[in-house]
Amino acid sequence: MSNILIISEQTARAHNLKTILSFIGEECVAVSFSESMVSLKTQGVFDAVLIDGDVAELVDDVVSKFPQNPFVVVGSSMPLNEERPNIVGHLVEPVTYPVLTQMLHRCQEYLRLRPNTKISGASKTRLFRSLVGKSEQIQSVRHLIEQVAQSEANVLVLGESGTGKEVIARNVHFLSNRKDGPFVPVNCGAIPGELLESELFGHEKGSFTGAVNSRKGRFELAEGGTLFLDEIGDMPLQMQVKLLRVLQERLYERVGGVKPIKCDVRIIAATHRELENMIADGKFREDLYYRLNVFPIESPALRERKEDIPLLLQELIARLERESEQSLKFTESAINSLVEHQWPGNVRELSNLVERLMILFPNQVIDVPDLPIKYQYTDGDSFKPDYPEALLEREALLSLYGESPADLNGQAMSQPLEKNSVPSPLTSDGMNLKEYLSELEISLINQALEQQEGVVARAAEALGMRRTTLVEKMRKYGIVKD
């Protein structure tokens, strides 16, 4: 089947294009407009379609019916139709090699960057859920993972701490031919240098003090699968030499052993360090670097893809909902405030924040004032509730007699007041209950402040009310502590 389709009614033009394309090694076929429909329906997708631009109506008809194909208009300078984005460019005659190759590259990019259909829907879903976002940076990471997963090439994942380098490594493994094998992670920075060799290659019984039994290493445990070497930049130099030998010869020996063991393991390494600077300083072997850096993937920092923060919040909340059966919501102002933050801890910092807020405000809506101060970049809702006077009086009366305030829905008190609990009998002339309660309340507040030496928090505790409630009452009555 031909790679490139030429659609033209001009015999000379079609012949010239076929000659040039054949010269540069491309297989092509030329058809008329009437024949083009059959060719496009039969083959489906061509690497490129070169089409006569002299008849705009025919061009538009063909282009609109086959959006999966990239088209290059030949011999016309008519403007590109924004409604036909699969027209990727123009070829003006006489056709030159530089312009032709540029147009073919555009067609290649049109096909390369379109939604990939080679990976199953379940795999794509899992890949999306673990690498959440719609930014250009995260889409590029997904594409690189898809490209390298099926190969056996070593992968080096680079990026700051907390950006999800292990997530990238797991996705490479999950989409590879080794997905049924084990995925074994090792943090090279968390294991002391003198123990790292035994951890990676295993040891024989009696090979060193404390080796009471033989033990398999991580290479042996990862046989047939993937070994993820996290923080490879923290690996001591002497271990770098031994790792290089394994990568070159695909053989290793246990500590204290003499029998070579074959190694069928794919290596994915990751680091937040600048390895090239470490090479210049003599802290990392250059030959090992080039063994590992066959296919580098940059894990973007969160501050470089802030448009992904709303989606990340949604995903992090969904994960916590499955674990704790509690939820969380954010106002638009709160999300905008979080987008302004620089996120030095990247996605890990965002995850920790969501977990903290879930503990503090379960099943609630988070606004800017609810966020820790360092995340407050915008103004939230300045709403302060104002309660009906009758409710405030009722709360004051209940507080005087040591009763728990009724809830704000106006439910009755849990226990009715006894007749003998009234501090002063009602006279025959009657009384102004509101004024009487206010005077009594002022008197008790002053007594409490005097007893507690003006400490409002302790005075509120003595009166059996919240500190904020006491502050509001002091403001209402104009009481100033000494």
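Taking Lys and Arg as +1 and Asp and Glu as -1, the other residues whose beta-carbon sits under 11 Å from that of residue 344 total +1.
The stretch 258-303 and the stretch 215-236 have Cα centres spaced 12 Å apart.
Computed from the C-beta positions of residue 147 and residue 45 and an R0 of 22 Å, the FRET efficiency is 0.75 to the nearest 0.05. If you look at the Cα atoms of the stretch 167-237, you get an Rg and a Dmax of 13.7, 42 Å. For the stretch 177-284, the dipole from Cβ point charges (+1 on Lys and Arg, -1 on Asp and Glu) about the Cα centre works out to 440 debye, to the nearest 20. For residue 331 and residue 244, the difference between the fully extended length at 0.36 nm per residue and the C-alpha to C-alpha distance is 26.1 nm. Modelled spin labels at residue 161 and residue 318, positioned 7 Å past Cα toward Cβ, are 2.9 nm from each other.
Approximating the spin labels as points 7 Å out from Cα along Cα→Cβ, the residue 10-to-residue 436 distance works out to 10.7 nm. Length gained on full extension, residue 339 to residue 467: 42.6 nm, using 0.36 nm per residue less the C-alpha separation. Summarising the label geometry, the points placed 7 Å from Cα in the beta-carbon direction at residue 379 and residue 92 lie 5.5 nm from one another.
Which entries of 216/283; 179/262; 18/41; 283/374 show an alpha-carbon separation above 32 angstrom in the structure shown? Violating the 32 Å Cα-Cα cut-off are 283/374. Cross-link reach is defined here as a Cα-Cα straight distance under 15 Å, omitting same-chain residues fewer than 8 places apart; for residue 134 the aspartates and glutamates meeting it are 304, 307, 308, 315. Among 3-15, 250-262, the peptide with the highest mean count of other Cβ atoms within 10 Å heads the list, and the full ranking is 3-15, 250-262.
Given a 1.4 Å probe and the protein chains as shown, residue 221 ends up with an accessible area of around 90 Å².
Placing unit charges on the Cβ atoms of the charged side chains and taking the dipole of the stretch 246-321 about its Cα centre, the candidate lying farthest along the positive direction among 299, 256, 312 is 256.
From most to least packed by mean Cβ count within 10 Å, the peptides 263-270, 173-180 give 263-270, 173-180. Working note: Karplus 6.51/-1.76/1.60 with θ = phi - 60° gives the stretch 434-450 the couplings 5, 5, 4, 5, 5, 5, 5, 5, 4, 4, 5, 5, 5, 4, 5, 5, 5 Hz, where Gly and Pro are set to x.
The values are calculated or read from the model by the stated rules, or taken from the named source; none is laboratory data. None of the values given here were measured: they were computed from a predicted structure. Please note: Cβ atoms are built from the backbone with ideal geometry, for glycine as well, and neighbour counts cover all protein chains shown. Surface areas here come from the heavy atoms of the whole protein model, side chains and all, with no ligands, DNA or RNA. Shrake-Rupley method; radii C 1.70, N 1.55, O 1.52, S 1.80 Å.
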